[in-house]
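The values are calculated or read from the model by the stated rules, or taken from the named source; none is laboratory data. Remember, predicted model here, so these are calculated numbers, not experimental data. Cβ coordinates were reconstructed from backbone atoms using ideal geometry, including for glycine residues, and neighbour counts include every protein chain displayed. Ligands, DNA and RNA are stripped out before the accessible areas are found, and what is left, the full protein with its side chains, is counted by its heavy atoms. Shrake-Rupley method; radii C 1.70, N 1.55, O 1.52, S 1.80 Å.
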Amino acid sequence: MSQQTSDKLVIGEREFTSRLMVGTGKYASMEQMVRAIEVSGAEVITVAVRRVNISDRSKESLLDHIDLKKYTLLPNTAGCYTADDAIRTCRLAREAGLSDFVKLEVLGDEKTLFPDNEELLKAAAVLVKEGFTVLPYTSDDPIVCKKLEDIGCAAVMPLGAPIGSGLGIRNPYNIRIIMDTVKVPVIVDAGVGTASDAAIAMELGCDGVLMNTGIAGARDPIAMAEAMNLAVRAGRLAYLAGRIPKKLYATASSPIEGTIS
């Protein structure tokens, strides 16, 4: 058994082999979305509750194209700007039979799409008490992440950069502090633009990466999905292997001392 096969991601009571989570929006077609998800190797698929027709399941829905026996659904509250709206959306998702495993987003404004952490904390407290497994999208603030853990969130999902920006991990030092501050999984969410961004997140020691635009917005989403799959796996393996320390000067790769003559 390889090291990666036995290296599981545990969130709440759920266990996953893949550390890449992917979204379902912005694809040119449902067929493209399905294929991209497949080659990404992801096991967790996030869907915006507002994009799913939960009032009339007889009509075609995004869920008609996703094999729910193969993937774990992670409903998200994208588009919510208040705690009350996010709480209501999660309740609707559970009542419709989607899941009680939710990605909680409470946005602060339409221009930056940064999270409103005050409203996020309020919503998380209510949802945890109601039995939801909450994965909150938050800023890369170690204090907020600790408060979310203390509330009972099953993971924290700090942004790497603004949603859809493709800027990569803008503040790796905050991410590292967050990992030192909380014991729950740390999953980078938002800002990943290419495979190297995903690899950097994993090499930092993050437990996973969630992305949508980085794959769906690529010129070839199928190829990018495969690249992200490989990058997350490579980054995790490199983290587990332990990189050599950085040095200012050279160190001979074939030293004379200690060699076999």
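Between Val128, Val144, which is open to solvent by 30 Å² or more (accessible area, probe 1.4 Å), free of Cβ contacts under 8 Å to residues at least 60 places away in the same chain and part of a helix (DSSP H, G or I)?
It is Val128.
Tally the residues that are assigned to a loop (DSSP other than H, G, I, E, B) and touching a helix residue (DSSP H, G or I) at 6+ places or on another chain (Cβ under 8 Å), restricting the search to region 186-201.
4
Is it the case that some residue within region 88-95 is open to solvent by 60 Å² or more (accessible area, probe 1.4 Å) and assigned to a loop (DSSP other than H, G, I, E, B)?
So in region 88-95, the residues open to solvent by 60 Å² or more (accessible area, probe 1.4 Å) come out as 88, 91-92, 94-95.
Those still in the list that are assigned to a loop (DSSP other than H, G, I, E, B) too: none.
No: region 88-95 contains no residue that is open to solvent by 60 Å² or more (accessible area, probe 1.4 Å) and assigned to a loop (DSSP other than H, G, I, E, B).
Does Val49 qualify as being closer than 28 Å to Ile143 by Cα, in contact with a helix residue (DSSP H, G or I) (Cβ under 7 Å, 6 or more places away or on another chain) and β-branched (Val, Ile, Thr)?
Working: closer than 28 Å to Ile143 by Cα: no; in contact with a helix residue (DSSP H, G or I) (Cβ under 7 Å, 6 or more places away or on another chain): yes; β-branched (Val, Ile, Thr): yes.
Taking the combined requirement at face value, the residue does not satisfy it.
Within region 96-118, count every residue that is at negative phi, among the aliphatic types (A, V, I, L, M) and surrounded by fewer than 20 Cβ atoms within 10 Å (Cβ to Cβ).
Of the residues in region 96-118, 1 are at negative phi, among the aliphatic types (A, V, I, L, M) and surrounded by fewer than 20 Cβ atoms within 10 Å (Cβ to Cβ).
For region 153-185, name all the residues that are assigned to a loop (DSSP other than H, G, I, E, B) and free of Cβ contacts under 8 Å to residues at least 12 places away in the same chain.
Selection gives nothing.
For (1) buried (at least 18 other Cβ atoms within 10 Å of the Cβ); (2) among the basic types (Lys, Arg); (3) under 27 Å from Arg219 (Cα atoms); (4) more than 14 Å from the chain's Cα centre (by Cα), each residue gets a yes or a no:
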| residue | (1), (2), (3), (4) |
| --- | --- |
| Arg176 | no, yes, no, yes |
| Met179 | yes, no, no, yes |
| Val186 | yes, no, no, no |
| Gly193 | yes, no, yes, no |
| Ala198 | yes, no, yes, no |
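For Gly205, which of the numbered conditions (1) outside any loop (DSSP other than H, G, I, E, B); (2) within 29 Å of Pro245 (Cα to Cα); (3) not polar (S, T, N, Q) fails to hold?
The one condition Gly205 does not meet is (1).
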